[in-house]
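A quick write-up on the structure given underneath.
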Amino acid sequence: MGPLAWPPAPRPEAISAADWCDWTWQMRHRVRSAAELAAWRAPRADEHAAIDALAERFRFVITPYYASLMDPEDPACPIARQVVPQLGELEDPDGLPDPLDEVAHSPVKNLVRVYPDRVAFCVNNECALYCRYCLRKRMVGEPDWAMKKRELEQALGWIRATPAIRDVLLTGGDPLVFSDDKLAWLLGELRAIPHVEIVRLGTRLPVTLPFRVTDDLCRILAEHHPIWVNTHFNHPRELTAEAADACDRLLRAGCPVGNQSVLLRGINDDLPTMQALCEGLIRMRVRPYYCYQAQLLEGTAHFRVPIERGLELFESLRGRTSGFAIPVYVLDTPHGKVPLARSRLRGRDGDFVVVEAWNGALWRERNPLDAASDDAPAGRRTP
Ligand SMILES: *Cc1c(COP(=O)(O)O)cnc(C)c1O
Ligand code: SF4
């Protein structure tokens, strides 16, 4: 497994093992400034500038646990690059605040419906940390999006009144940032709706705050089955003993655990890294489910990979490793998720790739072949 999370000396302060493993301590002691970050990995000059420039637009927050996984010596650390602001975020003329048009697909606030039988329910606008490529930047950490109980009840009312919905995907933000009581209430409400057959939790906490997966939480989940969990590992360095333990607890509580990663330039877009991630996940009994093409989301041009290169990467995994270790490479669109396979590609039109969705709709995705400059320094290509 990867590095132990118990932070090596010098630590920023004397932290007891009991505090370190207490998820509420981690939440209360999150890194929120360049000075606090320096205790784990000194920000470079350009990162300092980005932290200042982005403070109002998409501020940064990191759990001490996740900060402890950073490599202080590596300027292109794949952990740091996911959570520390970069100047590249200011250079994205094509990026959109809501590329999937989720707001237009909301029958009531916080519910997104693109399929007849299932909905994504954004129950929370908070996360343990803020990923720089987050699709829901428009709401994550934004006080205006803090969901009131009344709003959750309205969305539950819509689900109750819509018998076609058999699958409810709790997302956010992160539903596991909720207290046990609030989560138990929400799961109880959903379970009381006869047509809701399964509940899914989309959570990154096994990766960013594995101590959240407590015995009490597992007991609550086990009382509301069938519950499926999808988490979000992007790099083999995130596969620590603590993360493996969190996944093991979820599995032993009866939740199948899958992984949804994002294909990120310079982080996991090379064969050795992606293969190590997928093989590490199945060693933890976590099934790779989807790997997302990075969306045309504001401030993320430096993360996007040309789709043809992504296709090549996933095609070269085939035969090279266990079949079920290979996730489906998908592009999310306002028409739903489109598996990126050659059979779905309807061609390239200059800067656009044309794909066909499940319902026959054609979607044009802006995806220049030379998306951002190839700035990943040599040596970043191995895990
Ligand atoms: C991803 C997603 C789903 C679930 O899709 P699956 O392919 O079933 O995993 C459902 N609704 C919305 C809005 C989604 O974005
Ligand atoms: S954990 Fe998910 S919802 Fe939260 S900031 Fe990261 S990508 Fe966004």
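We did not get these values from a lab; they are worked out from the coordinates using the rules stated. Keep in mind the model is a prediction, meaning the values are calculated, not measured. Every residue, glycine among them, receives a Cβ derived from its backbone with ideal geometry; neighbour counts consider all protein chains shown.
Considering only beta bridges that DSSP places wholly inside region 103-371, some 35 percent are antiparallel. Each residue, A146 and A361, gets one label point 7 Å from its Cα in the Cβ direction; the gap between the two is 3.4 nm. Centre-to-centre, using Cα atoms only, region 15-29 and region 306-336 are separated by 37 Å. Per the Debye formula on identical point scatterers at the alpha carbon atoms of region 4-136, with no solvent, log10 I(q)/I(0) at q = 0.10, 0.16, 0.18 Å⁻¹ is -0.42, -0.90, -1.03. Kirkwood hydrodynamic radius of region 17-90, from the reciprocal of the average inverse Cα-Cα distance over all distinct pairs: 12.6 Å. The length gained on full extension between D215 and S343, counted as 0.36 nm times the residue separation minus their Cα-Cα distance, comes to 41.6 nm. Counting only Cα atoms, the size of region 216-275 along its three principal axes is 41, 21, 14 Å, in decreasing order.
Here each label is just a point 7 Å from Cα along the line to Cβ, and for E73 and W25 those points are 2.9 nm apart. Pairwise alpha-carbon distances in region 111-180 exceed 16 Å for 49% of all pairs. A crude spin-label estimate for the pair H224 and R309, with each label 7 Å from Cα along the Cβ direction, gives 4.1 nm.
Stretch F324-I198 to full length: gain in nm at 0.36 nm per residue minus the Cα-Cα span?
Numbers: separation 126, 0.36 × 126 = 45.36 nm, distance 2.24 nm.
Roughly 43.1 nm would be gained on extension.
What's the exposure ranking of E47, E279, going from fewest to most Cβ atoms within 10 Å? Ranked by crowding around the Cβ, least crowded first: E279, E47.
Would the chain count as rounded, prolate or oblate if I go by the C-alpha gyration tensor, calling it rounded below 1.5 in a/c and otherwise prolate when a/b exceeds b/c, oblate otherwise? Cα axes put the chain in the rounded bin.
Sorting R160, R346 by the number of Cβ atoms found within 10 Å of their own Cβ, with the fewest placed first, yields R346, R160. 3J(HN,Hα) along region 105-118, derived from phi through the Karplus expression 6.51 cos²θ - 1.76 cosθ + 1.60 where θ = phi - 60°, amounts to 9, 9, x, 9, 3, 6, 10, 10, 10, 10, 10, x, 9, 8 Hz, with x in place of Gly and Pro. Exposure proxy ranking for C122, C77, C21, C278, based on other Cβ atoms within 10 angstrom of each Cβ and starting from the fewest, stands as C21, C77, C122, C278. Given the pairs K149/K182; K109/K137; K148/K337; K109/K337, which span a C-alpha to C-alpha distance of over 19 angstrom in this model? Result: K148/K337; K109/K337 exceed 19 Å.
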